[in-house]
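The values are calculated or read from the model by the stated rules, or taken from the named source; none is laboratory data. Values in this document were obtained by computation on a predicted structure and should not be read as measured data. No Cβ is skipped: glycine too gets one built from the backbone with ideal geometry, and neighbour counts run over all protein chains shown.
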Amino acid sequence: MTDSDRQHLLSIKHLPCIVCGRPGPSHAHHTDTGMGRKKNHHKVIPLCLHHHQGEQGIHTLGKKRWQMMYGSEAELLAKTMLP
């Protein structure tokens with residue numbers, strides 16, 4: 001991981017959850033992963049624990065069901081703005 005990657009991840013973790021707006025610190029969820037794809041540390045969205053790993057989390061519900069409820073990771077990534 002490069003210094004740029006680390007800085008970007010730290011910046012994302014300070015943002016509110018992209019789903020519910022809960023203030024940070026947030027988890028930095030990597031988008032566009034799976035099927036042997038390497039993680040891109042710049043393609044991350046801020047998620048609170050509930051929407052990352054909790055009852056309504058992407059890792060709990062599964063990507064397809066979660067995206068039907070909250071939108072695609074690509075749509076949410078486009079909404080993620082750094083200050």
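What the table below lists for this structure:
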quantity	calculated
Filter result (touching a Lys or Arg at 6+ places or on another chain (Cβ under 9 Å), over 15 Å from His8 (Cβ atoms) and β-branched (Val, Ile, Thr)) within segment 19-57	Thr33
Residues that are over 12 Å from the mean Cα position of the chain (by Cα) and either at pLDDT below 95 or closer than 12 Å to Thr80 by Cα (or both), drawn from segment 15-31	Gly21, Gly24
Residue selected from segment 1-13 under the condition among the hydrophobic types (A, V, I, L, M, F, W, C) and under 13 Å from the mean Cα position of the chain (by Cα), by the criterion surrounded by the most Cβ atoms within 10 Å (Cβ to Cβ)	Ile12
Search result, residues across segment 1-13 that are assigned to a loop (DSSP other than H, G, I, E, B) and under 15 Å from Glu73 (Cα atoms)	none
